[in-house]
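Let me begin by presenting the structure, written as structure tokens, before commenting on it.
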Amino acid sequence: MRILVTGGVRSGKSRHAETLLAGAPAVTYIAPGRRADGTDPDWDARLARHRARRPGDWSTVETAAIEDALRDAAGPVLVDCLGTWLTAVMDDAGLWEASAESVDAVVGARIDAVCAALTERHQAVVVTNEVGFGVVPEHRSGRLFRDLLGTANQRVAAVCDEVHLVVAGRVLKL
């Protein structure tokens, strides 16, 4: 089963996603976000809390190439999260100030690749942020990110069997 887990920041998404694979053998945890590097103590502490919660037999792959990691993993996978993945894609390709057409082409192709790889998985949980409930961002980069992540979420949800919305630690199956 493929499940997309979405919700706001600190809603309990990651914890819920981890419980969905509790007891599964040899889970591969795909972490597409920025690594702990000492430049942001808050981020580093957040990553440490996530690592500490994971069972010892889970392996971690830190990469923005989640489509490759999805294909390479032998067993169940957990991707946490699409928001940090999108940020990495935008950063790596220098797309924050690019034209809408360039952004759509690059990000669209990456979303296609992720969805194709995800459909090959029998057991996968993907975590993402729901960014469409808030105010309209003041800056172009914020609006661009919100729109692209909304599109990615829709496309990934379309290839998943279930979507779970987490609000204040409570889960609603959509």
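The values are calculated or read from the model by the stated rules, or taken from the named source; none is laboratory data. Predicted model, so just to flag it, every value in this text is computed and none were measured. A quick note on method: Cβ atoms are made from the backbone with ideal geometry, for glycine too, and the neighbour counts reach across all protein chains shown.
Among the residues making up the stretch 52-89, those that are aliphatic (A, V, I, L, M) and modelled with pLDDT of 95 or more are ALA65, ILE66, ALA69, LEU70, ALA73, VAL77, LEU78, VAL79, LEU82, LEU86, VAL89. If you check VAL103, VAL77 for being in contact (Cβ under 8 Å) with a residue 24 or more places away in the chain, within 20 Å of LEU4 (Cα to Cα) and out of contact with any Phe, Trp or Tyr (no Cβ under 6 Å at 6 or more places or on another chain), only one passes: VAL77.
Given the structure, is ARG49 out of contact with any Ser or Thr (no Cβ under 7 Å at 6 or more places or on another chain), surrounded by fewer than 16 Cβ atoms within 10 Å (Cβ to Cβ) and not small (Gly, Ala, Ser)? Judged against the criteria, ARG49 is a match. Of all residues in the stretch 125-145, exactly one satisfies the criterion of being in a helix (DSSP H, G or I) and under 14 Å from the mean Cα position of the chain (by Cα), namely PHE145.
Residue-level check: of (1) surrounded by 19 or more Cβ atoms within 10 Å (Cβ to Cβ); (2) touching a residue at least 40 places away in the same chain (Cβ under 8 Å), GLY169 misses just (1).
In the set ALA98, ALA26, only one residue is on the phi > 0 side of the Ramachandran plot and either of a type in the set (D, E, K, R) or surrounded by fewer than 20 Cβ atoms within 10 Å (Cβ to Cβ) (or both); that residue is ALA26. Exactly one condition in (1) more than 17 Å from the chain's Cα centre (by Cα); (2) farther than 20 Å from VAL159 by Cα; (3) in contact (Cβ under 8 Å) with a residue 12 or more places away in the chain is not met by VAL9; state its number. All conditions pass for VAL9, except number (1).
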